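Asker: Before I ask anything, here is the structure I am working with.
We did not get these values from a lab; they are worked out from the coordinates using the rules stated. Keep in mind the model is a prediction, meaning the values are calculated, not measured. Here the Cβ positions follow ideal geometry from the backbone for every residue, glycine too, while neighbour counts run over all protein chains shown.
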Amino acid sequence: MGYSFKTSFAENEAFRGYEESFGKAESDFPPVKTVISEWASNGLFTLVGQGKQTNSKCGQFAGFTGCMHTELHNHVGLDGVNYAGLVYVHLNFHSCDKPSCPVCFKRGWAVRQAGHVKQRLDEASKRHGLVEHIIAPVPPSDFGLSYEVIHAKVLKALKARGIIGGCLIFHGFRYANFKESERRNVPFGWYWSPHFHCLGFIEKGYTRCRHCKLVEDSSYGKPCEAICKGCSGFEAATREQFKKDGYLAKVLGERITVRGTAYYQLNHACVKVGVERFHVATWFGVCSYRKLKVTYEKEKLLCPICQRECVALRYCGCQHIETEKYSWDFKPNLFLPMNEGHGDVWVEANEGDFG
């Protein structure tokens, strides 16, 4: 069934301006490490990683993991290096896995959480197809509402547009550089602008709209009526629903990796101040805990050269290996010689051994 479009010029411009405001590419965001705490908090919410370290072991070196199958590493990589005779070594660190921890949020919590998001969506994909990345911003008129209310309103808006389930990641702030700050009349840095990133499933898919020439050309001034009139695709549905609820759901390009997208979005998500177990990522619809049962498995680290499963290693050589994460010489993944002239210097570690 098609959708009729009898929108006014003002409605068209409102939709287009609203869409433009929240259509930024992911790469436009700066690294979270540049955030100054005062910018990223409104008293109720704050960016992940802005809390206090509560465990003295957070970020401490926890040993080596790697692959000693050097006989299988006689390959030249894309960097032009032949890895024959070299051991793949990955450095491990302790993590409390708390989103608020300034030490563990990025290389601990976000990695683990992104892995869970991937596993759950992979299972749901078997029945519901391609995972889409959808931005669901909150209209400025609702900025003052509580998190619970805007979460419920966003869910209702997504379902009305045929989004049947997925993962919601809450972002309370957006970032504006000097140029954007002047153009959009917003504060420089991080400012309050609640929105959700959804990794989920569209009931009828988005392929029809993704490959539609009219939708591709819509940024060149074509009015809404000329883009989707008489169509039953997602873009037609979201424009029709926008007239009713004032909410927008913008689908971004196809994902290269679901895990990579989830990891990036988690890196500048928000937590509620004073709530110890605040759920940054929530599930709804066909991906809810009630409708989808998933047993999470610990992801295995594989050697990037031979794809063998990595094991715990102990180093017995004399070469200095930088284990301080904030050093200029630090590298989390290394290829090091198996033999330093006086025999093998890498051995498989026993359970409980410290790297």
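Asker: Taking a 19 Å limit on the Cα-Cα distance, which of the listed pairs 57/98; 213/250; 250/293; 126/300; 118/291 fall beyond it?
Answerer: Numbers: 57/98 13 Å; 213/250 17 Å; 250/293 28 Å; 126/300 22 Å; 118/291 17 Å.
Beyond 19 Å between Cα atoms: 250/293; 126/300.
Asker: Which of rounded, prolate, oblate describes region 180-327, given a ≥ b ≥ c as roots of the alpha-carbon gyration tensor eigenvalues and a/c under 1.5 marking rounded, otherwise prolate only if a/b is larger than b/c? Before the final figure, lay out the partial values.
Answerer: Values: a/c = 2.05, a/b = 1.78, b/c = 1.16.
It comes out prolate by the Cα gyration axes.
Asker: Taking R0 as 22 Å, what's the FRET efficiency between residue 282 and residue 255 from their Cβ-Cβ distance, rounded to 0.05? Spell out each step's value before the answer.
Answerer: Details: r = 19 Å, r/R0 = 0.88.
E between residue 282 and residue 255, to the nearest 0.05, is 0.70.
Asker: Could you sort 99-112, 265-278 so that the peptide with the highest average Cβ count within 10 Å comes first and the rest follow in order?
Answerer: Details: 99-112: 21.4, 265-278: 17.6.
Highest mean packing first, the order is 99-112, 265-278.
Asker: A further question on this structure: For a test of the definition: using alpha carbon positions, the gyration tensor, and the 1.5 limit on a/c, classify region 101-142 as rounded, prolate or oblate. Working shown, then result.
Answerer: On the way: a/c = 3.89, a/b = 1.03, b/c = 3.76.
Oblate, since a/c reaches 1.5 and b/c is not below a/b.
Asker: Need one word for region 46-162: rounded, prolate or oblate. Basis is the Cα gyration tensor (sqrt eigenvalues a ≥ b ≥ c); a/c below 1.5 gives rounded, then a/b vs b/c decides. Show your work: numbers first, answer last.
Answerer: Working: a/c = 3.23, a/b = 1.65, b/c = 1.96.
Oblate shape, in that a/c is at least 1.5 and b/c is the bigger or equal ratio.
Asker: Right, something else. Pop the C-beta distance of residue 297 and residue 177 into the FRET formula with R0 = 45 Å and round what comes out to the nearest 0.05. Spell out each step's value before the answer.
Answerer: On the way: r = 41 Å, r/R0 = 0.91.
Calculated transfer efficiency: 0.65.
Asker: Order of 320-331, 133-144 by packing, highest average Cβ count within 10 Å first? Before the final figure, lay out the partial values.
Answerer: On the way: 320-331: 10.7, 133-144: 17.3.
Going by the mean number of other Cβ atoms within 10 Å, highest first, we get 133-144, 320-331.
Asker: Separation between the residue 147 and residue 340 pseudo-spin-labels, each 7 Å from Cα along Cα→Cβ, expressed in nm?
Answerer: 4.8
Asker: Among 237-245, 306-314, how do they line up from the highest to the lowest mean number of other beta-carbon atoms within 10 Å? Numbers along the way, then the final one.
Answerer: Working: 237-245: 18.8, 306-314: 15.2.
Packing proxy ranking, top to bottom: 237-245, 306-314.
Asker: So how much slack lies between residue 184 and residue 61, counting 0.36 nm per residue of separation and subtracting their Cα-Cα distance, in nm?
Answerer: On the way: separation 123, 0.36 × 123 = 44.28 nm, distance 4.42 nm.
So the chain would gain 39.9 nm between residue 184 and residue 61.
Asker: Now a separate question. Where in region 233-259 does the amide nitrogen come within less than 12 Å of the point 7 Å from the Cα of residue 122, taken along Cα to Cβ?
Answerer: 258-259
Asker: I'd like the distance separating the alpha-carbon centroids of region 254-320 and region 132-197, in whole Å.
Answerer: Each part's Cα centre sits 24 Å from the other's.
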